[in-house]
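The values are calculated or read from the model by the stated rules, or taken from the named source; none is laboratory data. Quick caveat, the model's predicted, so the values are computed rather than measured. Note: ideal-geometry Cβ built from the backbone for every residue, glycine included; neighbour counts use all protein chains shown. Surface accessibility is based on the protein's heavy atoms, side chains included, excluding ligands, DNA and RNA. Shrake-Rupley method; radii C 1.70, N 1.55, O 1.52, S 1.80 Å.
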Amino acid sequence: MFTLTSSPSVACQFIAELRDVRIQQDSMRFRKNMERLGELLAYEVSKAMRYEKSSVTTPLGNSETWALSEQPVLATVLRAGLPLFQGFMNFFDRAESAFIGAYRSTPDAQYSFDIELNYIAAPNLNNKNLILIDPMLATGKSIVKAKQALLKYGLPKQIHIVAAIASRQGVEYVSAHLPDCHLWVGAVDEEMNHKSYIVPGLGDAGDLAFGEKL
Ligand SMILES: O=P(O)(O)OC[C@H]1O[C@H](OP(=O)(O)OP(=O)(O)O)[C@H](O)[C@@H]1O
Ligand SMILES: O=c1cc[nH]c(=O)[nH]1
Ligand SMILES: [Mg+2]
């Protein structure tokens, strides 16, 4: 697992602002910080992609460089995933995208709930590099269900899972259920509360970005 804040960087400030109850009052800033975190994580994941030598013509000559061998497919879980996903879109210019609608069917249930998937749109995933993007990895049930549902669209050659904040339990759940996937997170928190929200976490990422659901 790669953890973006394991050493000090501006990423720590973005995550601190995402967590801060006062700064959270500004939903535009919340979305922007999530997008900026997505850009930093996209840059890190880009280092795990394959590149080929390429050459670019400048007004004065040629410059040798590297170009991505292939674009990944970017997948996200609606709705909280959208700002983090936008950060990835900003860096992978021609990536195809996949969208999954998922929600906790009994969100107030204590300790146990089911995940409902009610929408999925994806391109062919055969032999592609799939990056699955969701800001909160709490129990891990949503991301595991989303990945399993995506497999109907083909067998990716690599799968990367990205979260802004993960719980320790969620990391263990994903490692146990998706051992073939690479995990990239902004930060790991040690606890969850009785409603399976990450503690200290940041609260409800979807509500903070888009408003409370009825
Ligand atoms: O790891 P889990 O325990 O499955 O929880 C994580 C899920 O919870 C959040 O979505 P939420 O259900 O709040 O939906 P929303 O995007 O509509 O807010 C988040 O974006 C994940 O998809
Ligand atoms: O802590 C959590 C857990 C699930 N969904 C969120 O938005 N936050
Ligand atoms: Mg939510």
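Listed values, structure above:
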quantity	calculated
Antiparallel DSSP beta bridges within the chain, as percent of all bridges there, nearest 5	40 percent
Nearest 10 degrees, 0 to 90: helix 82-91 Cα axis against the chain principal axis	10 degrees
Within the accessible area of region 1-118 (1.4 Å probe), percent carbon and sulfur	51 percent
Cα pair distances exceeding 12 angstrom across region 17-66, given as percent	73 percent
Sequence ranges 156-162, 91-97, 19-25, ranked by mean other-Cβ count within 10 angstrom, highest first	156-162, 91-97, 19-25
Alpha-carbon centroid distance for the pair region 200-214 / region 109-168, whole angstrom	19 Å
Kirkwood hydrodynamic radius over Cα pairs of region 158-209, then Stokes diffusion coefficient at 4 °C and 1.567 mPa s, in µm²/s	111 µm²/s
Nearest-ten-degree value, helix 141-150 long axis tilted from longest Cα axis of the chain	50 degrees
Tail beyond 26 Å, pair distance distribution of the chain (Cα, percent)	33 percent
Of LYS32/LYS53; LYS32/LYS195; LYS53/LYS152, pairs whose Cα-Cα distance is over 29 Å	LYS32/LYS53; LYS53/LYS152
Value of relative contact order over the chain, rounded to a whole percent, pairs C-alpha under 8 Å and six or more apart	21 percent
Region 52-118 shape via C-alpha gyration tensor axes, a/c threshold 1.5	prolate
Between 0 and 90°, nearest 10: helix 10-19 axis offset from the chain longest Cα axis	30 degrees
Dipole magnitude of region 154-210 about its Cα centre (Cβ charges: Lys, Arg +1; Asp, Glu -1), debye to nearest 20	200 debye
